[in-house]
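Have a look at the structure below, then the notes.
The values are calculated or read from the model by the stated rules, or taken from the named source; none is laboratory data. Since the model is a prediction, treat every value here as computed from it, not as a measurement. As a convention, Cβ positions derive from the backbone with ideal geometry for all residues, glycine included, and neighbour counts pool all protein chains shown. In case anyone asks, the SASA skips ligands and DNA or RNA and just uses the protein heavy atoms, side chains included. Shrake-Rupley method; radii C 1.70, N 1.55, O 1.52, S 1.80 Å.
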Amino acid sequence: MASLLEVSNLSKSFGGVHAVQSVGFKVDAGIVYSVIGPNGAGKTTLFNLITGVYTPDAGSIRLNGEPIEGKPPTMLARRGVARTFQNLQVCMNMSALENVMVGAHLHLDRNPLKAALRFPSIRRGDQSIAERAAELMDFVGLGKFVNAHADSLSYGMLKRLEIARALALKPRLIFLDEPAAGLNPKETEGVAELIREVSNSGVTVVLVEHDMKMVMKLSDRILVMDYGKALTEGTAEEVRNNPQVIAAYLGAQA
Amino acid sequence: MKNSSYAGLLIIAAILALLPFVLPNSFYLDLAIRMGINAIIVLGLNLLIGFAGQISLGHAGFVGLGAFASAVLPHHFGWPTFGAMLGGAMFTGILAALVARPIFKLKGHYLAMATLGLGIIVNIVLRNESEYTGGPDGMPVMALDVLGFEISGDDQWYWVVAILLCISIWASLNLINSPFGRGLRALHGSEVAARVAGVNVERYKIVIFVMSAMFASVMGSITAHHVGFITPSVADFPHSIELLTMVVVGGVASVYGSVVGAVLLTALPQALANFEGWEIVAYGVILVTCMIFVPKGVVPTMNAKFKKEH
Amino acid sequence: MLATFVQFIFSGLTVGAIYALVALGFTLIYNASGVINFAQGEFVMLGGMLAVFFTHAGLPMPAAIALAIAVPAVIGVLVEKFTIEPVKGAETITLIIITLGVSLVIRGLVQVTLGKGTHTIPAFSGDAPIMVAGAALTPQSLWVLGGTAIVVLVLWYFFARTLAGKAMLATSYNRIASQLVGINTNWVLLMSFALASALGALGGILVTPITLTSFDVGIMLGLKGFVAAVLGGLGSGPGAVIGGLLVGLIESTAAGYLSSAYKDAIPFVLILFILFFMPRGLLGSKVTDRV
Amino acid sequence: AENKEPIKVGSILSVTGAAAYLGTPELNTLQMYVDDLNKSGGVLGRPLQLIHYDDASDASKANGFAKRLIEDDKVDFIVGGTTTGSTMSMVPLVEKAGVPFMSLAGAVVVVEPVKKWVFKASTTDRIAAERVFIDMRKRGISKIALLSETSGFGQSGKKQSEEVAGKYGITFVIKETYGPKDTDMSPQLTKIKNNKDVQAVFVFGFGQGPAIVTKNCRQLGLDLPLYHAHGIGSEEFINLAGPAAEGAYALAPALMIGDTLAADDPQKAVVAGYAKAYRERFKEDVSMFGGQAYDNFFIVIEAIKRVGGTDKAKVRDAIESTKGFIGTGGEINMTPDDHMGLSVDSLRMLVVKNGKWVEAK
Amino acid sequence: MTASIHAPEALLRVRDMVSAYGRIKALKGIALEINRGETVALIGANGAGKTTFLRTLSGVQPMAAGTVAFDGEDISRLRADQRVARGICQCPEGRMVFGPLSIEDNIRLGAYTRKDAEIGDDIEKVYAMFPILKQKRHLPAGSLSGGQQQMLAMGRALMGRPKLLLLDEPSMGLAPLLVEEIFNVIRTLKSQGMTILLVEQNAFGALGVADRAYVLETGHVTLSGSGAELAENPDVRAAYLGM
Ligand SMILES: Nc1ncnc2c1ncn2[C@@H]1O[C@H](COP(=O)(O)OP(=O)(O)OP(=O)(O)O)[C@@H](O)[C@H]1O
Ligand SMILES: Nc1ncnc2c1ncn2[C@@H]1O[C@H](COP(=O)(O)OP(=O)(O)OP(=O)(O)O)[C@@H](O)[C@H]1O
Ligand SMILES: [Mg+2]
Ligand SMILES: [Mg+2]
């Protein structure tokens, strides 16, 4: 049986910069898969390619065996792909709760005419999503801020809000771009636990993170990128002891 | 009048029901009708600008299309007036849908420029095709006939517009608090976040653009029938700006703000009518002062104040 | 036929240079604040009307011109200080409405004080046209073209080569970060309005012998200037010039070869077409927002 | 007891916006004569009250203000509607309410077909076109270029010109248009210049456009006779067009050449009186539009005097029976079929000679 | 327990600082002092008010009450750019690079208030610290990866030759090697005598380099002491170090 996500030969360049060069890897369902590498290695670009924010120059991406390269993000969301952003993308014109509710957009009846005429089914659907969104906010530790406006949250809170929004999609596959950036070690532990729970609930997690403690603890497999290329791939143990990885990325401490 | 609450609607409905009994003469009734018509156009425009965050500087073009459909089709082609109104709305909707895709590739001022251009093109066509439209001097419009019932006179028009206004407010409130409306607001906040969450950004923009264009077209038709005479200035750039100003003064992304903005700015020129040459200056000063002291618009600012006190 | 074509080109270049000058004013303020100053056209009008006023008041031409540039610059500063600065960080449309309100005030005041008549000033180097390939070019057109060329060079140098220029750009990209590197952003905004107003006024003076002037010429010039600035790509000086010349050329050739009735619509159709393929105008900067 | 109620004069003029050029002298004139009449004891012993609204050259505003004049201010008659659009948007209201209405607009549609309450004792674009064509025939011109403005004034003028051209044996070899705010008409004029059949150019527009056309003509070396319609025969045109104005023809009522009018000209007294009063009061030159306001206003005042009251229906009838009224625009004779009352020769053909308007021979 | 020494050599002295977003007070009376040459860390949970404090110090966020004295001068009323001119430079949260400007222009703008001849040398120093920036110096800053932008923001702040350097989470989003590098830079700067106020989520690192530290909780300073002291404090360990 094919892996949940299969990427092969993926490439993207901007002007002269080869941000991603013939990268290939497979992610099996249910695991936590991490992508690490120095700054500018192409990790975020990889996420952008897979989630349809950028169109690849070459290569293929398969989700459950079906090609998805070049498909718009909306389409991927329909297939259960969710993500968070390294450079926050929060809707500052809405409340925190509404931001999370947007994550559940696809699970609702979105017909504008029915909405304008206040069909009861729409109201009911909305009601239940609001409740679920509140639960999710609680889950990521923002329970106190359900009624807050998004623009009144601090950086770290917004990072978590994005996780809640991604989870609201009920994803099969979730991409987290540096979820622990801006969190202190204690808070990072909280997020790690959260990811563990998400993973346990059957969601496949792809993670970009510079916090090695967290990566090593959570990951089933790790892809190391450098200069847009895949440097190596393997289990936490294998990667940790790879001299190339140590030289390029981890340094002596790890 | 909290933005999302329906209480404001009840208040407005009550005011609308009482108004005709306190207005001294039909000039005021006429003014009230104009306010109502503008309010409905602005409600639609605010959905586009305030909620979806897409600037339009050419909305008067759509008002003009509706108005002239109602004037030209019955006059030159023997269409029934009601049919002309619907036909105008359909045509406007289709036109809006056709141009929406290329236009909404653009953002910010580029979008503003494109919508401005669209409005200007419509206006130029209306001015130049004087065979049909009467050119800049305009043309008379027949009375509206809805399935054998003729609507004419300020009394009848008042009630028609009042009911339409209440329905429009109600529908707008419903819409913005629905999943569709949330999708719109989300794409305003962050397009990429909305996309990734599954909001079909292109489609939403097109739908709301078409909807607000059709709103404008129908109200253009009603203006034409109510006034009985129409000129291409309904479709010109200053009118687009006037509509935009109503949105902003009332409150961007505020349903009740649309109504308040329309009422204030429809009344303002009448209030300034005796300023003898200083009207433009006064109008400008009022606009600027208003934007400086209530940059978020009248209604949202009052809301904030109200909340503070409680 | 060549003569006819050249005539259309001359005509288009002259009108286009006027649009370009207005567009450069838009560019300047946009580069400092991200604001589209819809009152820019009124400064063009002010330049022309004040030049007329001061010459009629008996001042020698050079003094009249100097004053007709200085007064609008001061007005520009006042506009920034009292209408733009108090609403820092407001939404784009709020700013659009404010600048539109300012344009009404300026136009209204000029109408009340200087009247509604149409006026002109004598061309700087006479009216005798220069004949090139059978087509006529007025000397004043050369003044306009030359003025535009100088202004665009100065602006290009300022933004591309000087730290003050970069500081102005930085202010529009991120006001907070600009303050954090020590830029007095209020001052930058003030200067940008002063410069843009002076620039607009200069344009107004140069074109008055060709276009004539009255209290309401600013509306159309402002609109066309905005179109030119957007077409060229907002924020780009050379873009503003190319945009302006292009709009002028499309208009004149459309009037000449297609239909004079639709000559105002044709540029818009073409511009929509161009924007469809180049959504940031001809020379607009690339989007660099990352997620 | 005598009725001391003021007579309410309503007016809606375009004092700002595109037609401000026309509306301002119109309003000045009305204000001046309302003041003057009040100083000399009013009309029928009743004071006059002028209630004016500026429609900013926007016809839909005119409609709203007309309602206000009729319903709220309850005026006795209305002067105004500077533009045809404004006038036409008010017509249904005055017809319904039954208020005597004197339009100052130029287009012939205002009085054709005849509308019961609507009058317009000022020249029309049709008369202008006919007057120009008569002059052209006289000079042996038959093939011309028509350059019309895209404003309401220009478009209506174009239409009327086309309608009456046949009658005078005039054919249009080429028709071009320009926008009222255009700054350069050389492309259109280049096309005209390239057409060798053209014997003269007829420009239908007002404001700055005709001045720019005139300048562009000379710059391009286009030496054909240049005719302008009514509405530009003022000092301002010569100032704006400069030396290029020399030899240009334009139509104007007697008012514009008041100083050079023959002593036995029937209009001499009226024209001189109006011009003197206006110049003294406003320190600016007269325009034919102010003169039209004078004519239309006094036709109603005369009618009210004849009726001895302000009963609207009676005043209307009296206006309709105006005969031999000498105004600044000519002699006016109204009939039930003619609510304008001017003849073709009410407009004079002027030409610029040595920087001055003189009557063309 | 306040460990602040009321010594005359205090470079920065903040008293009763209050700052609010609308009606919500984010800082509720902060008192804090930094001596010349000291490195002080500020730690606290998300939303504690760390960023707000730095922004208020720099003058880009209005101060509702309190005083700020810097180098013996009351600067409470000064504009942000005047504070920069006096030597308070900040590397802000979220990096805030000037996206469309080139990397080199970004760095140059960091020296906007300077007029001296050594600007060119300092640019080279920044490039030496972060070689990737030199490689890409003609590209728009907005195209950099998150971590690269972080380096740029740091370099830009250093170009102001700060007397007091404010760092808001400088290690955020950086690869482990670079995090070490950043802390090395901080140590170097410290050894050169620069005064630094460091906000960090990487509390281990922060407390490691800091001479003293303050703990911020919902707008109040709740603890302060030497870096080592706080790193040993059981409450701090539980709340911020996750032990
Ligand atoms: N839109 C773009 N335009 C130009 N260059 C880009 C763009 N997106 C990415 N790049 C370049 O591609 C390279 C990879 O960037 P990317 O953001 O994927 O790195 P990353 O691995 O996520 O780094 P970090 O850990 O710092 O976030 C960088 O050198 C960056 O400058
Ligand atoms: N723009 C704003 N409007 C309203 N409230 C805000 C705003 N910015 C921050 N706040 C509130 O002020 C408080 C302090 O925020 P601040 O950004 O200073 O926290 P922080 O300590 O830097 O947190 P983090 O570690 O997440 O960056 C928080 O409660 C936050 O919700
Ligand atoms: Mg990244
Ligand atoms: Mg922070």
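Laid out as a table, the results:
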quantity	calculated
Qualifying residue in segment A:154-166 (condition: in contact (Cβ under 8 Å) with a residue 12 or more places away in the chain and either outside any helix (DSSP H, G or I) or in contact with a His (Cβ under 6 Å, 6 or more places away or on another chain) (or both))	no
Residues satisfying the stated conditions in segment A:29-46, i.e. under 17 Å from A:LEU218 (Cα atoms) and either within 16 Å of ligand 2 (Cβ to nearest atom) or under 16 Å from the mean Cα position of the chain (by Cα) (or both)	A:ALA29, A:GLY30, A:ILE31, A:VAL32, A:TYR33, A:SER34, A:VAL35, A:ILE36
Failed item in (1) open to solvent by 10 Å² or more (accessible area, probe 1.4 Å); (2) assigned to a loop (DSSP other than H, G, I, E, B); (3) free of Cβ contacts under 8 Å to residues at least 60 places away in the same chain; (4) within 28 Å of D:GLY327 (Cα to Cα), with D:THR183 passing the rest	(4)
Among the candidates A:VAL203, A:VAL191, A:VAL208, residue that is away from ligand 1 (no atom under 14 Å from the Cβ), among the aliphatic types (A, V, I, L, M), at negative phi and within 12 Å of the chain's Cα centre (by Cα)	A:VAL203
Residue identified as more than 14 Å from chain C (Cβ to nearest Cβ), surrounded by 19 or more Cβ atoms within 10 Å (Cβ to Cβ) and within 28 Å of D:GLY17 (Cα to Cα) among D:ALA254, D:ALA244, D:ALA211, D:ALA200	D:ALA254
Qualifying positions in segment D:99-110 - at pLDDT 90 or above and either open to solvent by 10 Å² or more (accessible area, probe 1.4 Å) or at the interface with chain B (Cβ under 10 Å from one of its Cβ atoms) (or both)	D:ALA105, D:VAL110
Flag for B:MET291 being open to solvent by 30 Å² or more (accessible area, probe 1.4 Å) and either away from chain C (no Cβ under 11 Å) or in a helix (DSSP H, G or I) (or both)	no
Helices (runs of 4 or more DSSP H) enclosed by segment C:123-187 - at least 1 residues per element that are in contact (Cβ under 8 Å) with a residue 12 or more places away in the chain, over 26 Å from C:VAL79 (Cα atoms) and open to solvent by less than 30 Å² (accessible area, probe 1.4 Å)	C:139-161
So D:GLU162, is it within 14 Å of chain B (Cβ to nearest Cβ) and open to solvent by 10 Å² or more (accessible area, probe 1.4 Å)	yes
Within segment C:241-264, tally of residues that are more than 9 Å from chain D (Cβ to nearest Cβ) and small (Gly, Ala, Ser)	2
Failed item, numbered, when B:LEU164 is tested on (1) surrounded by fewer than 17 Cβ atoms within 10 Å (Cβ to Cβ); (2) in a helix (DSSP H, G or I)	(1)
Lone unmet requirement of (1) facing chain B (nearest Cβ under 8 Å); (2) in a loop (DSSP other than H, G, I, E, B); (3) of a type in the set (D, E, K, R) for D:GLU71	(2)
Test: residue in segment A:140-151 that is away from ligand 2 (no atom under 13 Å from the Cβ), crowded, with 21+ Cβ neighbours inside 10 Å and more than 30 Å from A:LEU5 (Cα to Cα)	no
Residue that is nearest to the other protein chains (Cβ to nearest Cβ) [pool: residues in segment B:294-310 that are open to solvent by 50 Å² or more (accessible area, probe 1.4 Å) and assigned to a helix (DSSP H, G or I)]	B:LYS308
Among the candidates B:LEU243, B:LEU175, residue that is of a type outside the set (Ser, Thr, Tyr) and within 14 Å of chain A (Cβ to nearest Cβ)	B:LEU175
Test: residue in segment C:241-258 that is within 11 Å of the chain's Cα centre (by Cα), open to solvent by 10 Å² or more (accessible area, probe 1.4 Å) and not charged (D, E, K, R)	yes
Residue that is surrounded by the most Cβ atoms within 10 Å (Cβ to Cβ), among those in segment A:82-94 that are within 16 Å of ligand 3 (Cβ to nearest atom) and hydrophobic (A, V, I, L, M, F, W, C)	A:PHE85
Checking B:ARG182 against (1) in contact with a His (Cβ under 9 Å, 6 or more places away or on another chain); (2) more than 14 Å from chain A (Cβ to nearest Cβ), the condition it does not meet	(2)
Residue within segment A:5-20 that is open to solvent by less than 30 Å² (accessible area, probe 1.4 Å) and either under 15 Å from the mean Cα position of the chain (by Cα) or within 16 Å of ligand 4 (Cβ to nearest atom) (or both) present	yes
Counted residues, segment D:347-361 - those being under 20 Å from the mean Cα position of the chain (by Cα) and either outside any strand (DSSP E or B) or exposed (fewer than 14 other Cβ atoms within 10 Å of the Cβ) (or both)	2
Counted residues, segment A:72-97 - those being touching a helix residue (DSSP H, G or I) at 6+ places or on another chain (Cβ under 6 Å), at the interface with another protein chain (Cβ under 7 Å from one of its Cβ atoms) and assigned to a loop (DSSP other than H, G, I, E, B)	7
Hits in segment E:140-157 (condition: out of contact with any Lys or Arg (no Cβ under 8 Å at 6 or more places or on another chain) and either more than 8 Å from chain A (Cβ to nearest Cβ) or within 16 Å of ligand 2 (Cβ to nearest atom) (or both))	E:ALA141, E:MET154, E:GLY155, E:ARG156, E:ALA157
Subset of segment B:274-310 (residues that are among the polar types (S, T, N, Q) and out of contact with any strand residue (DSSP E or B) (no Cβ under 9 Å at 6 or more places or on another chain))	B:THR289, B:THR301, B:ASN303
Filter result (within 14 Å of chain E (Cβ to nearest Cβ), more than 8 Å from ligand 1 (Cβ to nearest atom), out of contact with any helix residue (DSSP H, G or I) (no Cβ under 8 Å at 6 or more places or on another chain) and among the aliphatic types (A, V, I, L, M)) within segment A:7-50	none
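Residue by residue, here is whether (1) closer than 13 Å to E:GLY94 by Cβ; (2) more than 9 Å from ligand 1 (Cβ to nearest atom); (3) in contact with a Pro (Cβ under 8 Å, 6 or more places away or on another chain) holds:
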site: E:GLY147; (1), (2), (3): no, no, yes
site: E:ALA153; (1), (2), (3): yes, yes, yes
site: E:ARG156; (1), (2), (3): no, yes, no
site: E:GLY160; (1), (2), (3): no, yes, no
site: E:LEU165; (1), (2), (3): no, yes, no
site: E:PRO170; (1), (2), (3): yes, yes, no
site: E:GLY173; (1), (2), (3): yes, no, no
site: E:PRO176; (1), (2), (3): no, yes, no
site: E:GLU181; (1), (2), (3): no, yes, no
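For every residue, the table says whether it meets (1) within 16 Å of ligand 3 (Cβ to nearest atom); (2) closer than 20 Å to A:VAL224 by Cα; (3) free of Cβ contacts under 8 Å to residues at least 24 places away in the same chain.
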site	(1), (2), (3)
A:PHE25	no, yes, no
A:LEU49	yes, yes, no
A:GLY70	no, no, yes
A:GLY80	no, no, no
